[in-house]
Structures are given as C-alpha cells and as structure tokens.
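Nothing in this text is a laboratory measurement; each read-out follows from the coordinates by a stated rule. Not measured: the values here are computed from a predicted model. For neighbour counting, all protein chains shown are included, and Cβ atoms are generated from backbone atoms with ideal geometry for every residue, glycine included.
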Amino acid sequence: MLMKAINGAIRLLTVAWLLVLSLSAPAQAHVVQAGADLRVTQTFAAGEVTLVISGVSQVPSALRVAAEAADPVSLQLELRSLTDGGRSADSVRAGKESAALRVTHAGPHELYVRADDEVSVIPFRVLVPGSTPWTMVMDGAFLVAGLLLVGGVLAISMSRLLVSGASAAAAVAVTVMLLGPYLSPAQPGGAAPVAEPGRPYAQGRFSTLPALPATGTEFTLTLRLADGATGRPVDDLAVHHEAPAHLVVTSQDGAVFRHVHPLRTAPGVLAVRLSLPRPGRYLAYAEIERQQSGGQLLTGAFEVSGTAQPDVSVQEVAMPSLTPSAPVAGSPVTIEVATEGQIQLWLGMPGHLVVRSRDGAHLAHAHGTAAGPSALRFTLTLPEPGRYLVWVQYAAGGRLLTRPFTMEVDR
Ligand SMILES: [Cu+2]
C-alpha cells in the first residue's frame with residue numbers, strides 16, 4: 001500500500017516536471033561547442049581568411065583555432081574572456097598548424113585577430129555540456145536506491161521500509177531514464193539567457209575614408225549599424241554562410257565586382273579595405289542577420305575619383321545555359337554554368353550567384369548545387385523585366401573564381 005502510494009506520487013511529480021521543462025532551447029548562433037565548430041570568414045588587406053574555432057567539451061581546456069586561406073597570411077590571435085577578463089595569446093599562419101588558446105570559463109569571449117595593422121574582434125560564446133534537474137533527479141534516485149539496497153543487505157533482514165524506499169527510488173530513476181530522450185535538452189554552461197523573441201532591424205550607414213577615394217589606392221569602407229528602435233550600435237550579428245556580414249560592391253556600370261567579408265572593428269562597426277580600379281559611382285550591399293531575427297540587406301553608395309587603372313581581377317565571362325532560354329519576370333529560371341576544375345566549397349556552399357538589376361535597385365544572392373563534378377546549377381526568379389548583371393562565384397584549385405554574364409528577362 002505504502003509503496004504504491006509513493007510510486008504514484010513520484011510518477012505525478014515526474015509528469016509535472018515534464019510540463020515545466022518542456023520549454024525548448026532557442027537556436028544558437030555565434031557559439032562554439034564540442035562537435036560544432038564556428039567558421040568565420042574575414043577579408044583582410046593581406047587576404048581572405050576563414051577562422052575555424054573548435055568547440056570544447058569542458059573548461060578549462062585548449063581552444064583550437066585554425067585559419068584557412070588561399071594565400072599565406074600570418075595572424076596574431078588573442079582570446080579574451082568577458083566573464084573573468086582572462087587572456088590567452090598565440091599566433092597562426094593560415095593553412096599551417098592551428099593555434100591553441102587557453103579557455104578557462106564557458107560564456108562570452110572575444111577573439112582578437114590581427115593581420116599586419118588590421119584587427120578584427122570576433123565575439124562568440126563557449127558552450128559546454130550542462131545538466132538539467134531531471135538528470136540530477138535520475139542520478140540521485142539511482143544513488144538512493146543503491147544505498148538503501150546496500151543498507152538492507154548489511155542489516156541482513158531487509159525491513160519493509162527499506163525495500164519500499166529502494167524500489168520507489170529505483171522507479172524514479174528508471175522512469176526518468178526511459179523518458180530522458182523526450183525531455184528538453186540540457187541548457188549548456190555558458191549559454192546566453194533566453195531573450196524575448198523579436199525581429200529587431202538595423203539601420204546601416206556606409207562611409208569611406210578618405211571621403212573621396214582615388215582609383216588604385218587603398219581606402220576603408222565602413223558600415224555603421226544602429227538598432228532601428230534604440231539607435232544603439234548593433235552588436236548581435238549571427239554568423240550566416242560563414243561570415244557575420246557579406247558585402248557586395250559593384251560599380252554602377254557593373255564592370256567592377258567585389259564580394260568581401262568586413263571586419264568587426266568595434267561594436268556595430270564593420271570595415272574593409274578596398275582598392276578599386278575605375279572612377280565613378282559604386283553601389284554597396286551588405287547582407288546581415290541579427291540573432292533572433294531574419295536576414296536584412298543594407299544598401300549604400302559612394303564615389304571614387306581618378307583615372308581608370310588596369311583591373312587586376314580581370315574576369316572571364318561565364319557561358320551559362322538558361323532554362324527556359326528566354327527567362328520571364330515572375331517565373332523561375334534555371335542557370336547552369338560549366339566550372340573550371342573540381343568544385344570546392346566556399347562559404348559552406350558549392351556555388352554562389354549574385355544578380356543585380358542594371359539600375360542597382362534589385363540585388364539578390366542565390367546558392368547553387370553541384371550539377372556533376374564540373375557544373376553548377378542555380379534557380380531564381382526575377383521580379384521585373386529588363387537586363388540583369390550576374391556574377392557566379394565558386395572555388396576550384398584553391399582559388400576563388402568570379403565569372404560574370406548578363407541576362408535579359410522578358411515581360
Ligand atoms: Cu559572402
């Protein structure tokens with residue numbers, strides 16, 4: 001009788017816990033945890049680098065940071081914990097060995113990445129496996145059952161109370177163990193507090209230093225991000241497609257194209273050094289995603305003075321095949337492009353396509369699938385008839401290739 005009552009009460013408690021714990025954890029961005037590396041691509045003047053920050057399963061331990069790049073770039077790294085201010089430094093040469101930084105606490109960190117005189121500060125969280133109340137209940141119940149059984153054996157004659165207690169504890173342990181897969185996962189140590197879900201939007205302001213850059217001369221293009229509601233700097237960018245921000249810069253006529261990944265130089269400030277070969281008006285488009293929010297495209301324009309310089313990034317033209325051969329506005333078109341050499345992943349994807357209307361009012365970014373070993377296929381729908389400028393980008397033979405073409409879209 002007593003045992004049945006205890007068992008019943010414990011089952012009720014378990015069900016109550018289930019209801020309390022059924023809150024699901026939010027999607028995590030900008031975190032590292034065991035088995036989930038964070039890949040962050042940054043464009044330095046010295047070259048584009050993808051930093052690969054490996055997760056850890058416990059703290060303190062060594063946090064591995066590797067750097068992938070087409071050209072050798074030497075990087076100085078410094079890890080700072082925002083929890084206790086702890087610091088650890090190391091250096092790494094892209095493509096070579098990885099750096100080992102000391103991580104002592106879970107939670108928010110900043111990785112300072114220096115290449116020559118440029119510094120990018122990458123914020124991220126270190127997560128380690130946590131435990132939930134129900135895993136502690138299970139472990140505790142197993143312990144109590146074990147102790148009571150041992151106690152019973154030692155007392156030789158197992159009293160009824162001991163047997164009841166032991167079987168009740170065993171029942172709790174087994175119930176929680178069996179229900180384990182259906183319970184909410186443990187909130188890892190170091191995780192951010194669960195924020196109110198919302199869709200904050202950012203306002204972007206582009207500027208150049210100097211204010212009027214000259215052709216063939218390095219200048220800095222800066223994007224300042226402010227929260228649309230509070231006006232405060234936006235510092236919660238999620239890493240998407242391996243970068244906190246994707247920036248496309250094109251000359252108004254479409255002859256010049258750059259796709260770069262600006263450095264976070266301060267909270268809400270993204271900057272990249274560029275050198276452009278032709279004078280005239282340039283259009284800038286930044287693709288960002290704030291945490292707990294959707295994607296956003298921020299646009300701006302700036303002028304470049306001087307005389308035309310030879311373009312070092314001379315592009316060959318792609319020969320695409322279109323289906324249908326005469327695309328129509330509002331209907332999908334499939335574009336297939338033959339690639340030079342075996343396709344390698346770039347920014348986690350086999351192929352990227354950027355399409356811009358002639359006036360620059362419309363810009364879209366599509367991802368392709370590999371159509372065999374040396375072809376890429378993209379499907380997109382363009383909103384208005386007219387002439388579109390298209391750039392296909394992919395990596396092959398350790399190089400990033402950019403292949404432009406134009407496309408007429410009918411009514
Ligand atoms: Cu990008």
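Which of the three applies to the stretch 31-126, rounded, prolate or oblate, going by the alpha-carbon gyration tensor with a ≥ b ≥ c and a/c under 1.5 meaning rounded? Numbers along the way, then the final one.
Numbers: a/c = 1.96, a/b = 1.59, b/c = 1.23.
Because a/c hits 1.5 or more and a/b exceeds b/c, the stretch 31-126 counts as prolate.
Per 0.36 nm of contour for each residue apart, how much would the distance between V121 and Q309 grow if the chain were fully extended, relative to their Cα-Cα spacing?
Values: separation 188, 0.36 × 188 = 67.68 nm, distance 3.31 nm.
Length difference between fully extended and current span is 64.4 nm.
By its C-alpha gyration tensor, with a ≥ b ≥ c as the square roots of the eigenvalues, how is the stretch 232-301 shaped: rounded for a/c under 1.5, else prolate for a/b larger than b/c, else oblate?
Details: a/c = 2.30, a/b = 1.95, b/c = 1.18.
Verdict is prolate for the stretch 232-301.
Compute the distance in nm between two label points, each set 7 Å from the Cα along the Cα-to-Cβ direction, one at E340 and one at T215.
2.4 nm
Looking at the square roots a ≥ b ≥ c of the eigenvalues of the Cα gyration tensor of the stretch 287-379, which shape do they give, rounded for a/c under 1.5, prolate if a/b is larger than b/c, or oblate? Walk me through the numbers on the way to the answer.
Values: a/c = 1.43, a/b = 1.18, b/c = 1.21.
It is rounded, given that a/c, with a ≥ b ≥ c, falls under 1.5.
Applying a 10 Å radius around every beta-carbon, put 81-88, 258-265, 370-377 in order of their mean neighbour count, most first.
Details: 81-88: 13.9, 258-265: 21.4, 370-377: 16.1.
Going from most to least packed, we get 258-265, 370-377, 81-88.
Using alpha carbon centroids, what distance separates the stretch 199-217 and the stretch 317-373, in Å?
What the calculation gives is 27 Å, centre to centre.
What does the charge add up to near L225, with Lys and Arg as +1, Asp and Glu as -1, over the other residues with Cβ less than 14 Å from its Cβ?
Numbers: positive: R205, R224, R232, R264, R290; negative: D227, D235, D236, E287, E289.
Spelling it out: positives minus negatives among the neighbours equals 0.
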